[in-house]
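A.B. asks: Structure provided below as structure tokens; questions to follow.
The values are calculated or read from the model by the stated rules, or taken from the named source; none is laboratory data. Just so it is clear, the structure is predicted and the values come from calculations on it, not from any experiment. Every residue, glycine as well, gets a Cβ built from its backbone with ideal geometry; the counts of neighbours run over all protein chains shown. The area values use the complete protein model at the heavy-atom level, side chains included, leaving out ligands, DNA and RNA. Shrake-Rupley method; radii C 1.70, N 1.55, O 1.52, S 1.80 Å.
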Amino acid sequence: MPAITLDHVRRVFRTSTGVIRRKRKDVVALEDLSLEVGEGELFGLLGPNGAGKTTTVKILTTLLIPTAGRASVLGYDVVRDARQIRPRVGFVFGGERGLYYRVSGRDNLEYFAELYAVEPRRIRVRVDELLDLVGLRDRANERVEGYSRGMKQRLHLARMLLHDPAVLFLDEPTIGLDPIGARELREAVERLHAAGKTIVLTTHYMFEADALCDRIGVINEGKLVALGTPEELKRLVSDKSVVELEVYGVGEEHLARLRALDFVDSVAVERRELRELLRVQTALGERAVPRLMASLERLEVGRVSVREATLEDAYVRLVGKLE
Amino acid sequence: MRRELRAFSASTRLWLRYMAVDRFMLFCAFVQPFFIAVTVMYMLHHQPQFDPVYVVVGSALTGIWSVVLFDGSWAINSERFQGTLELLVGAPSSLYAVIAGKLAGGMAFSVTSMALSYAVGAWLFGYSIVVRDVPAFAVAFVLALIAIGALGVLIAPLGILARSVRQFLTVLEHPIYILGGFLFPVLLLPGWLLPISYALPPYWAAVALHGTSSGELSGVAFAEVCAVLLLSSLACFVLAAPLFRLVLRRARVEGTLSLT
């Protein structure tokens with residue numbers, strides 16, 4: 001039996017605009033999502049902002065009710081059996097919020113240990129174990145408001161593990177962390193995976209998904225657009241090269257012209273401070289460069305390079321844009 | 001049940017710590033009752049029938065009510081604003097127990113306002129402040145706290161159902177001081193307002209505390225007031241349960257547990 005099942009899940013949010021004449025608008029966060037995650041699997045959920053990753057995690061953690069379709073965790077339905085699911089799952093949402101800032105890190109953990117009904121005699125030991133695990137033992141008695149972003153994120157991780165849940169949901173857990181903090185968190189995730197936990201990880205970082213995940217699902221505009229192991233996804237672009245062109249002042253008309261070229265598979269733009277980096281996927285490799293330059297006539301072009309495609313390029317090809 | 005009691009107790013302890021550093025709640029629990037006690041004692045001390053224990057009890061009630069009203073109407077939303085509401089809802093304990101515990105913490109904190117009012121009367125004005133029927137007062141005190149706290153538990157889900165309801169609730173602070181007869185007998189009010197007073201648990205809390213502190217309430221009349229307090233508490237607790245379920249269901253459907 002899979003640990004997690006999503007069966008044609010749809011989720012629509014209703015918003016409204018205006019004060020006197022309110023206009024209602026439906027925003028589709030998940031169009032039709034079906035997938036399964038096996039027991040003990042580390043599953044990556046990738047997608048651009050607004051693709052539906054967090055919505056999926058919130059549905060699976062019983063915080064949102066799907067508009068249509070069914071979802072289950074460990075065989076329990078997320079709508080009907082929320083009370084059975086909650087003690088069995090742990091979750092972390094990226095960012096600094098979600099902590100009681102005016103009390104200490106230890107107070108936060110002890111409080112949630114009570115809410116998760118950790119055996120009273122075990123609470124102090126468990127909290128100390130987790131403080132050691134996330135490297136916060138020395139600062140445990142300080143108020144959370146004085147913690148750095150990375151410390152808060154590690155405290156979230158400790159909170160998630162208090163009741164030793166079987167299924168973990170980590171929604172962009174390394175966002176905003178410094179490289180060392182992010183690496184430590186990834187190592188902790190690897191240890192949890194090795195300990196047999198089922199983990200769903202959403203992330204923007206391709207290398208993170210590549211390094212950690214057994215399988216990856218890519219969602220875009222609420223739909224699953226690819227599913228497979230990192231190697232399988234990389235194979236989507238294994239015959240492709242990526243031409244990177246540093247340009248100044250690229251406009252929609254230039255992008256449209258590039259996309260219309262028959263040898264171009266996808267074009268992505270990464271906007272930097274004073275310039276843009278164009279990433280063009282093509283099977284032609286270096287031979288594509290003169291024709292691409294010709295299409296960008298009257299546009300100032302700086303550095304040009306050609307490299308092999310990576311998982312990130314596979315992702316760009318699937319979702320058609322960069323963050 | 002044991003899980004809910006643990007959630008209640010843990011929330012009470014956490015909220016006590018939290019309130020000790022919250023300036024607004026410190027104002028509600030200490031500064032405001034202090035000024036009310038000083039003002040009322042100064043206004044009434046020439047009155048022949050003036051009883052300082054009435055002011056001590058009344059100003060303490062204002063502190064308790066203010067904390068319960070603001071804590072209750074913002075109890076859920078404040079968790080939402082700090083991003084902890086999703087964690088509370090996603091935990092196995094009920095939000096009802098957590099919010100009730102939070103309010104109990106607030107009330108335990110605000111009870112200290114009674115000691116402050118006593119200090120104002122005894123030390124600043126030099127009154128001899130005596131509770132005439134101490135055992136009855138102790139019983140009335142516990143029941144009054146439960147009744148006002150139960151009203152806070154009912155207010156909590158109402159406060160999140162609609163912004164207009166929350167705004168309406170927050171302007172109820174001073175009217176309840178008057179309609180509850182905290183500082184002046186409600187018989188001074190126009191007759192048509194009395195039914196409103198009689199429908200309010202804070203009024204009966206004030207009747208119990210003022211009556212037992214002055215020694216004027218005893219026997220059957222005292223038992224009746226206690227029964228009203230118990231019944232109103234029970235009604236609030238029972239009515240709050242489906243409201244919490246409704247609020248949670250609606251938040252999960254509409255996606256309003258978090259701000260993002």
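A.B. asks: Name, by its number, the condition in (1) more than 10 Å from chain B (Cβ to nearest Cβ); (2) at pLDDT 95 or above; (3) buried (at least 22 other Cβ atoms within 10 Å of the Cβ); (4) out of contact with any helix residue (DSSP H, G or I) (no Cβ under 6 Å at 6 or more places or on another chain) that does not hold for A:Asp77.
C.D. replies: Failed condition: (3).
A.B. asks: Tell me which residues, restricted to region A:142-180, are more than 20 Å from A:Arg106 (Cα to Cα) and in a helix (DSSP H, G or I).
C.D. replies: Selection gives A:Pro179, A:Ile180.
A.B. asks: Being open to solvent by 30 Å² or more (accessible area, probe 1.4 Å) and at the interface with another protein chain (Cβ under 10 Å from one of its Cβ atoms) is the filter here; which residues of region A:115-134 pass it?
C.D. replies: A:Ala117, A:Pro120
A.B. asks: Right, next: Is it the case that some residue within region B:34-55 is outside any helix (DSSP H, G or I) and facing chain A (nearest Cβ under 10 Å)?
C.D. replies: no
A.B. asks: Are there any pairs, at least 6 apart or on different chains, whose C-beta atoms fall under 9 Å, with the first in region A:126-143 and outside the structural domain of A:Leu109 (by TED's automatic domain parsing) and the second modelled with pLDDT under 90 and hydroxyl-bearing (Ser, Thr, Tyr), and if so, which?
C.D. replies: Final answer for the pair search is none.
A.B. asks: Considering (1) farther than 14 Å from B:Ala91 by Cα; (2) within 14 Å of another protein chain (Cβ to nearest Cβ); (3) in a helix (DSSP H, G or I), say which one A:Arg191 fails and leave the rest.
C.D. replies: It fails just one condition, (2).
A.B. asks: Let me ask another. Could you run through region B:104-115 and say how many residues are of a type in the set (A, V, I, L, M, F, W, C) and modelled with pLDDT under 80?
C.D. replies: So in region B:104-115, the residues of a type in the set (A, V, I, L, M, F, W, C) come out as B:104, B:107-109, B:111, B:114-115.
Restricting the remaining residues to those that are modelled with pLDDT under 80 gives B:114.
The total comes to 1.
A.B. asks: If I ask for residues that are without any contact (Cβ under 8 Å) to a residue 24 or more places away in the chain and hydrophobic (A, V, I, L, M, F, W, C), which ones from region A:221-275 would you list?
C.D. replies: A:Leu255, A:Ala256, A:Ala260, A:Val267, listed by residue number.
A.B. asks: Mind listing just one residue for me: the one in region A:158-181 that is touching a residue at least 24 places away in the same chain (Cβ under 8 Å) and out of contact with any Leu (no Cβ under 7 Å at 6 or more places or on another chain) and, of those, nearest to A:Glu114 (Cα to Cα)?
C.D. replies: Here the answer is A:His163.
A.B. asks: Out of curiosity, is B:Phe237 part of a helix (DSSP H, G or I), more than 14 Å from chain A (Cβ to nearest Cβ), within 16 Å of the chain's Cα centre (by Cα) and more than 30 Å from A:Thr15 (Cβ to Cβ)?
C.D. replies: Against the criterion (part of a helix (DSSP H, G or I), more than 14 Å from chain A (Cβ to nearest Cβ), within 16 Å of the chain's Cα centre (by Cα) and more than 30 Å from A:Thr15 (Cβ to Cβ)), B:Phe237 qualifies.
A.B. asks: Is it the case, given these coordinates, that B:Ala7 is of a type outside the set (S, T, N, Q), in a helix (DSSP H, G or I), closer than 19 Å to B:Ile176 by Cα and open to solvent by less than 10 Å² (accessible area, probe 1.4 Å)?
C.D. replies: Values: of a type outside the set (S, T, N, Q): yes; in a helix (DSSP H, G or I): yes; closer than 19 Å to B:Ile176 by Cα: no; open to solvent by less than 10 Å² (accessible area, probe 1.4 Å): yes.
For B:Ala7, the condition - of a type outside the set (S, T, N, Q), in a helix (DSSP H, G or I), closer than 19 Å to B:Ile176 by Cα and open to solvent by less than 10 Å² (accessible area, probe 1.4 Å) - is not met.
A.B. asks: Would you mention how many residues in region A:211-233 are assigned to a helix (DSSP H, G or I) and surrounded by fewer than 19 Cβ atoms within 10 Å (Cβ to Cβ)?
C.D. replies: Looking only at region A:211-233, we keep the residues that are assigned to a helix (DSSP H, G or I), and these are A:211-212, A:230-233.
The next check asks that each one be surrounded by fewer than 19 Cβ atoms within 10 Å (Cβ to Cβ); those that pass are A:211, A:231-232.
Total satisfying the criteria: 3.
A.B. asks: List the pairs whose first member sits in region B:222-241 and is open to solvent by 90 Å² or more (accessible area, probe 1.4 Å), whose second member is among the β-branched types (Val, Ile, Thr), and whose Cβ atoms are under 9 Å apart, counting only residues at least 6 apart or on separate chains?
C.D. replies: B:Leu230/B:Ile146
A.B. asks: Among the listed residues B:Val207, B:Val186, B:Val220, identify the single one that is more than 14 Å from chain A (Cβ to nearest Cβ) and within 17 Å of B:Leu151 (Cα to Cα).
C.D. replies: Among B:Val207, B:Val186, B:Val220, only B:Val207 is more than 14 Å from chain A (Cβ to nearest Cβ) and within 17 Å of B:Leu151 (Cα to Cα).
A.B. asks: Filter region B:57-92 down to the residues that are within 13 Å of another protein chain (Cβ to nearest Cβ), of a type in the set (Gly, Ala, Ser) and open to solvent by less than 10 Å² (accessible area, probe 1.4 Å) and list them by number.
C.D. replies: Of everything in region B:57-92, those that are within 13 Å of another protein chain (Cβ to nearest Cβ), of a type in the set (Gly, Ala, Ser) and open to solvent by less than 10 Å² (accessible area, probe 1.4 Å) turn out to be B:Gly90, B:Ala91.
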